[in-house]
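Quick notes on the structure that follows.
Quick note: the coordinates plus some simple rules give every number you see, no bench work behind them. This structure is a prediction, so every number in the text was calculated from the model and none was measured. Note: ideal-geometry Cβ built from the backbone for every residue, glycine included; neighbour counts use all protein chains shown.
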Amino acid sequence: MPDTLTVTDNRTGRTYELPVANGAVRATDLRQIRVDDNDNGLMSYDPAFLNTASCVSRVTYIDGDRGILLYRGYPIEELAEKSTFLETAYLLVHGELPTAVQEREWTHDITIHTMVHENIKRFMDGFHHDAHPMGMLLSTVGALSTFYPQATRIHDEEQRRTSIWRLIAKMPTLAAMAYRHSMGFPYVYPDNDLSYVGNFLNMMFKMVEPRYQPAPEIEHALDVLFILHADHEQNCSANAMRSVGSSEPDPYSATAAAIAALYGPLHGGANEAVLRMLERIGTRDAIPEFLAGVRAGRERLMGFGHRVYKNYDPRAKVIKRMAEQVFSVTGTTPLLDIALELEKIALEDEYFVSRKLYPNVDFYSGLIYQALNLPTDMFPVLFAIPRTAGWLSQWEEMLLDKEQRIARPRQVYLGPERRPYVAIGQR
Ligand code: SDX
């Protein structure tokens, strides 16, 4: 059988053969379907891109029904168990796991770029004491573009490579500075003898001790969380990175746009929203009333549901297991008990079962961050740090894709027809 779709336009009786490739038809093949010569041709209408592929990608594969997540073909469960975040970031950016030499070079190239220009301190100092750290991160990442004007040379591979090192390296530094500013603590310089995550913990929590020593189990837990958050195919913030990146600004500006998209409570802001929801529920006894509010449409069960996963988010499974490990070290919290009970009830509740709503990556991650003494408003920032590797992988793939051009969707216009201006006295 041919790989084509035969379409009959019943308005004209004409039939068309549309090629099918990789499970998709090209929307531009619909334009030939016209009623008459004045007709611009058919478009596909897909608000929120529920069923539209915006690109070809080789970075991440998700099977929502079977709960499968692969980074460049490697199962997330194996990477979480056997890899490190920096190695996973290399895999996402380069497409292959690094050799020992490549991993040493990659680690060196990123480690030597962890510092930021001293003027960044003045940006941070300019924020109000209770500024949300995502707002601070978004602004300072965008501001970084002004320190590296050569980053606009995005078709120069050397410049792209350096920008990728700088953004992956400086995200933890900026994140920690935002936290230190909000706490009124002095900024901590990077300690390049520590691991990527160990240095982040150093810049977050070092006080007066001569050298900060991260607790190994906490360093490991955060490294695994970073692996799990590193990429997720064409999510809202990756789409922002590609769309803004398609007009060819520098990657700092495109990354600032991706951070803005991630900030929303329906996306990366959900981990913070989960904690605030659990705190609002307060006790296990209050769960049935809360869920009644969800069924009535007055509430959302934050951390549940996903556009793609109609099964358990594979990341949530790993995070849930890790939560139990972390709590065995830090001691459990009443919020974990509420979360476990909430999940148990929701997974048996027809409202959630009928809508295929399962815990997603955000349902348990916030509980671990809280156990690691990270403040709630820092949770989306902890999502942005590792996701920078995914955003940059998608950004570079878009730039190198010969089929890609500036993103400029069409619209279905239902506004007023042409009409003459009316003087104010006649309105
Ligand atoms: C992330 O895309 C990605 O890959 C994102 C991400 C990544 O790694 O990049 O995985 C990270 O963003 C995870 C999602 C975090 N967000 C939340 O946990 C917020 C709560 N979840 C929802 O808002 C919602 O599930 C979304 C935003 C995640 C998905 O929204 P969709 O696909 O647009 O689904 P929908 O809103 O159309 O919901 C379908 C139905 C609706 O009910 P009906 O109108 O059919 O009656 O399910 C209901 C929704 O009301 N629903 C929920 C719900 N999620 C969906 N009802 C209650 N609680 C929820 N959490």
Enumerate the pairs (first residue in the stretch 234-262 and under 15 Å from A48 (Cα atoms); second residue anywhere and within 11 Å of the ligand (Cβ to nearest atom) and part of a loop (DSSP other than H, G, I, E, B)) with beta-carbon separation below 6 Å, excluding pairs fewer than 6 apart on the same chain, so at least 6 apart or on different chains. C236/H267
Would you check which residues across the stretch 192-233 are farther than 15 Å from Y369 by Cβ and touching a Pro at 6+ places or on another chain (Cβ under 6 Å) and list them? G198, N199, A230
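Okay, residues lined up against (1) surrounded by fewer than 16 Cβ atoms within 10 Å (Cβ to Cβ); (2) more than 12 Å from the ligand (Cβ to nearest atom); (3) closer than 29 Å to E217 by Cβ:
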residue	(1), (2), (3)
A270	no, no, yes
I287	no, yes, no
F290	no, no, no
G303	no, no, yes
Y309	no, no, yes
K317	no, yes, yes
K320	no, yes, yes
Mind listing whichever residues of the stretch 122-159 are within 22 Å of the chain's Cα centre (by Cα) and either in a helix (DSSP H, G or I) or free of Cβ contacts under 8 Å to residues at least 24 places away in the same chain (or both)? P133, M134, G135, M136, L137, L138, S139, T140, V141, G142, A143, L144
Looking at the stretch 58-75, which of the residues that are within 19 Å of W395 (Cα to Cα) and within 13 Å of the ligand (Cβ to nearest atom) is surrounded by the most Cβ atoms within 10 Å (Cβ to Cβ)? Y71
Could you list, in sequence order, the residues of the stretch 45-94 that are in contact with a Leu (Cβ under 7 Å, 6 or more places away or on another chain) and in a loop (DSSP other than H, G, I, E, B)? V59, R72
Six or more apart or on different chains, Cβ under 7 Å: which pairs go from a residue in the stretch 305-328 that's free of Cβ contacts under 8 Å to residues at least 60 places away in the same chain to one that's among the aromatic types (F, W, Y) and within 16 Å of the ligand (Cβ to nearest atom)? Could you list them? A316/F363; A316/Y364; K320/Y364; A323/Y364
Quick check on my filter: what residues within the stretch 292-301 are assigned to a helix (DSSP H, G or I) and either under 19 Å from the mean Cα position of the chain (by Cα) or within 11 Å of the ligand (Cβ to nearest atom) (or both)? G293, V294, R295
Regarding the stretch 327-347, can at least one residue be identified that is of a type in the set (A, V, I, L, M), out of contact with any Cys (no Cβ under 9 Å at 6 or more places or on another chain), within 11 Å of the ligand (Cβ to nearest atom) and part of a loop (DSSP other than H, G, I, E, B)? no
The stretch 272-285 - residue that is under 23 Å from R387 (Cα atoms) and more than 8 Å from the ligand (Cβ to nearest atom) and, of those, farthest from the chain's Cα centre (by Cα): R276
Candidates T114, T162 - the one that is within 30 Å of S83 (Cβ to Cβ), hydroxyl-bearing (S, T, Y) and assigned to a helix (DSSP H, G or I): T162
So I385 fits all but one of (1) of a type in the set (A, V, I, L, M); (2) buried (at least 24 other Cβ atoms within 10 Å of the Cβ); (3) free of Cβ contacts under 8 Å to residues at least 12 places away in the same chain; what number is the exception? (3)
So which residues in the stretch 1-44 are among the basic types (K, R) and either part of a strand (DSSP E or B) or touching an Asp or Glu at 6+ places or on another chain (Cβ under 6 Å) (or both)? R14
Given (1) within 13 Å of the ligand (Cβ to nearest atom); (2) crowded, with 16+ Cβ neighbours inside 10 Å; (3) not hydroxyl-bearing (S, T, Y), where does H220 come up short, assuming only one miss? (1)
Failed condition for M177, given (1) closer than 21 Å to P375 by Cβ; (2) surrounded by fewer than 14 Cβ atoms within 10 Å (Cβ to Cβ): (2)
In the stretch 226-268, anything within 13 Å of the ligand (Cβ to nearest atom), of a type in the set (A, V, I, L, M, F, W, C) and not in a loop (DSSP other than H, G, I, E, B) is listed as F226, I227, L228, C236, A238, A240, M241, A258, I259, A261, L262
